[in-house]
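First the structure, in the form of structure tokens, and then the observations on it.
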Amino acid sequence: MTTRPAADSRILLAVAEGEILAVRVDAAGVEVQRHELRPADLADWVRRVEAEERPRWIIRSARTVYAPLLAAGVHLTRTHDLLLCHAILRDTDAVARPLAPSADWMPREPDVGEPGLFAAVDSPHAESVDDLLAQTQEQFRVIAADRRGRLALLCAAESAGGLIAEEMRAAGLPWDAEVHDGILTEVLGARPAGGGLPAKMAAAADAVRFHLGDPHLHLDSHVKLLRALHRVGVNVESTSQWELSAISHPVIAPLLAYKKLSRLMSANGWAWLAEWVRDGRFRPVYIPGGVVTGRWASAGGGALQLPRMLRPAVRADPGWTLVVADVAQLEPRMLAAMSSDTAMAQAARGQDLYAGVVSSGAVATREEAKYAVLGAMYGATTGDSGRLVPRLRRVYPRAMHLVDAAARTGEDGGVVSTWLGRSSPRPGPDWDAEQAAASGADAEPAAVKRARARARERGRFTRNFVVQGTAAEWALIWLAEIRHRLRMLPVAETPATASGPFAHHAHLAFFLHDEVILHVPAEHADAAAEAVREAAAVATARMFGSFPIDVPLDLRVVQSAEK
DNA sequence: CTCAACAGCGCG
DNA sequence: AAAGCGCGCTGTTGAG
């Protein structure tokens with residue numbers, strides 16, 4: 001293959017057993033030139049071409065193609081991830097003729113491996129080069145059909161997300177097992193040598209059993225616990241903490257304490273530590289686009305549910321530092337921008353949107369503002385939150401119209417889309433039948449009630465979809481721009497971290513919807529922090545042009561991620 | 001025994 | 001002060 005400089009080159013990598021083809025394609029995805037490679041030569045060849053011309057690599061999926069390249073020390077700047085983009089372009093409502101669905105392009109279960117661990121991710125899979133080319137051409141056609149260029153931006157960002165997910169897994173989140181162990185010992189009590197419960201947990205359990213008058217009660221059984229509570233006059237319908245916490249009875253305090261400790265022990269206790277933290281790193285499996293709204297999901301280790309209590313265990317290596325950044329109230333800010341609601345954008349000026357809502361006179365207190373805004377985006381109809389929503393409708397009519405319209409579309413069985421064109425799933429096959437059965441004059445009251453409940457449920461989903469999904473898009477561009485800027489930093493003098501592709505270089509280490517943690521050589525801390533700020537500004541501008549919406553960051557440069 | 005549903009709770 | 005959205009994981013329960 002030639003080494004001519006190409007400002008905008010695209011190369012498809014078709015990786016199959018024993019044979020690899022690199023196919024240069026044009027802007028329509030049509031083959032221009034093909035080059036055969038031996039597997040042993042792949043990494044060096046890609047490294048060289050990447051350095052010479054930075055093409056957009058067209059790959060089946062980052063999972064199958066990039067992970068092994070990364071392990072060989074090869075960094076890709078730009079890709080088009082056919083698997084991730086298939087899901088977007090197949091469902092999008094932004095063009096008249098979206099991508100034809102194909103089972104070959106669905107994420108698939110692995111043939112073997114740990115059960116459940118890698119659900120919904122792509123397995124190693126060979127597709128013929130002709131299939132890959134045909135799929136590329138179809139995807140490029142759909143992207144080009146979107147004259148606003150939003151699908152192009154979304155696919156580029158989604159593909160970058162695929163790369164970042166693999167890189168974060170390869171790098172891992174720096175995790176201090178001793179700090180984690182210390183927290184467990186402090187909160188739960190000393191770890192018993194021969195199994196059994198830690199001291200403080202055992203004490204809480206004994207106190208509960210004493211107050212319930214049953215020395216052998218099994219506290220992890222909801223059914224038995226509920227019966228025991230009823231016996232002593234605690235008449236709750238469930239054993240959930242919000243219901244229990246409203247009751248005044250001596251058993252409540254130790255029971256809530258036990259539940260809290262028990263949760264920590266089973267979800268993130270010593271067993272979790274032994275299974276998920278190796279060589280000072282927590283390596284979860286991220287699944288970009290794993291949620292229908294475009295948010296990431298994860299598999300294994302509960303990466304997106306790490307309790308705040310354990311945050312201090314996230315510690316930078318010696319000579320390194322963490323840059324921790326999150327966005328305050330990302331979703332309502334996205335709503336203000338999407339709807340061009342200048343009054344809501346005005347309320348969003350500065351760090352605290354809820355304070356701005358109070359200033360606008362819509363509600364009296366910050367707490368009311370919070371419940372009203374969340375209720376507006378989630379579709380609350382009852383309770384204090386539902387009561388406050390109409391006040392927002394008067395002050396922010398454009399923003400409220402956008403979410404109300406999304407809800408109505410969903411209730412009618414329609415499809416809604418995010419700002420960049422990710423569309424909600426169609427209703428299931430039984431939707432039409434259920435709604436039709438409820439519309440006839442002779443419909444049974446129970447069927448009518450059920451159908452209306454289902455319709456409202458779907459309306460709440462589509463109402464939230466447009467906001468949550470657009471926030472996910474902003475976050476994706478933010479991530480991609482952070483990655484791009486970190487890559488520009490020089491190799492550090494700072495001592496290397498343990499190993500891996502980022503042993504000498506600042507990298508993303510964690511991502512959670514609207515929050516990032518970077519692991520950075522100390523000498524680059526300020527530059528990395530600035531990169532995070534710049535990336536946020538760029539994400540906002542890419543999405544909304546010149547519309548004046550603030551997306552402020554809470555950003556800290558720290559040794560440990562505790563707040 | 002395995003499997004799926006559920007309850008409950010962690011995160012945004 | 002609420003019970004409105006999206007997830008993953010653990011442990012229990014009940015069905016086969």
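Here the accessible area of chain A is 53 percent carbon and sulfur, with a 1.4 angstrom probe and all protein chains present. Ordering of A:191-199, A:498-506 by packing is A:498-506, A:191-199, highest average first (other Cβ atoms within 10 Å, averaged per residue). Expressed in units of 2.2 N^0.38 Å, where N is the residue count, the Cα radius of gyration of chain A is 1.07. Model label points for A:ASP432 and A:ASN235, set 7 angstrom from Cα along the Cα-to-Cβ axis, are 5.0 nm apart.
Per residue of chain A, what 222 nm ellipticity follows from adding -39500 (n - 2.57) for every DSSP H run with n ≥ 4, rounded to the nearest 500?
Mean residue ellipticity, 222 nm, calculated: -15000 deg cm²/dmol.
Between the residues A:GLY410, A:TRP320, A:ALA145, the greatest Cα displacement towards the positive end of the dipole of chain A, with unit charges on the Cβ of Lys, Arg, Asp and Glu, is found for A:GLY410. Membrane-span-like helices in chain A, defined here as complete DSSP H runs extending at least 15 Å along the helix axis by their C-alpha atoms with mean Kyte-Doolittle hydropathy no lower than 0.0, are A:129-145, A:150-171, A:177-188, A:199-212, A:252-268, A:525-544; this is a sequence and geometry rule, not a statement about a membrane. Across chain A, the relative contact order, built from alpha-carbon pairs under 8 Å that are at least six residues apart, equals 16 percent. Note on exposure: A:ARG315, A:ARG408, A:ARG422, A:ARG147 ranked by accessible area (1.4 Å probe, complete protein assembly) read A:ARG147, A:ARG408, A:ARG315, A:ARG422, with the most exposed listed first.
Computed on the Cα trace of region A:331-467, the radius of gyration divided by the Kirkwood hydrodynamic radius gives Rg/Rh = 1.06. For the cross-link pairs A:LYS224/A:LYS370; A:LYS370/A:LYS563; A:LYS224/A:LYS260; A:LYS224/A:LYS563; A:LYS200/A:LYS563, the ones whose C-alpha atoms lie over 27 Å apart are A:LYS224/A:LYS370; A:LYS224/A:LYS563. How high is the FRET efficiency from A:LEU489 to A:GLU275, r the C-beta distance, R0 45 Å, rounded to 0.05? Efficiency, from the Cβ-Cβ distance: 0.85.
At 37 °C and a viscosity of 0.692 mPa s, what translational diffusion coefficient does Stokes-Einstein give for region A:470-526, taking Rh as the Kirkwood radius over Cα pairs? Give it in µm²/s as a whole number. Mind showing how you got there, number by number?
On the way: Rh = 12.2 Å.
Calculated translational D: 270 µm²/s.
With each label modelled as a point 7 angstrom along the Cα→C-beta vector, the A:ALA100-A:ARG191 pair spans 5.6 nm. Fully extending the segment from A:GLU243 to A:ALA443, taken as 0.36 nm per residue of separation minus the present Cα-Cα distance, adds 68.3 nm.
Measuring nothing but how far apart in sequence close Cα pairs (under 8 Å, 6+ apart) lie, relative to its length, region A:178-272 scores a relative contact order of 27 percent. Its Cα gyration tensor gives region A:213-283 an equivalent ellipsoid, and the semi-axes of that ellipsoid, as √(5λ) in whole Å with the largest first, are 32, 12, 9. Beta bridges per DSSP, both residues in region A:1-78: antiparallel share near 75 percent. With all protein chains kept in place, the per residue accessible area of chain A amounts to 45 square angstrom at a probe of 1.4 angstrom.
The values are calculated or read from the model by the stated rules, or taken from the named source; none is laboratory data. On a predicted model such as this, the values are computed, not experimentally measured, just so you know. For neighbour counting, all protein chains shown are included, and Cβ atoms are generated from backbone atoms with ideal geometry for every residue, glycine included. To get the accessible areas, we keep the full protein, side chains included, count just its heavy atoms, and leave off ligands, DNA and RNA. Shrake-Rupley method; radii C 1.70, N 1.55, O 1.52, S 1.80 Å.
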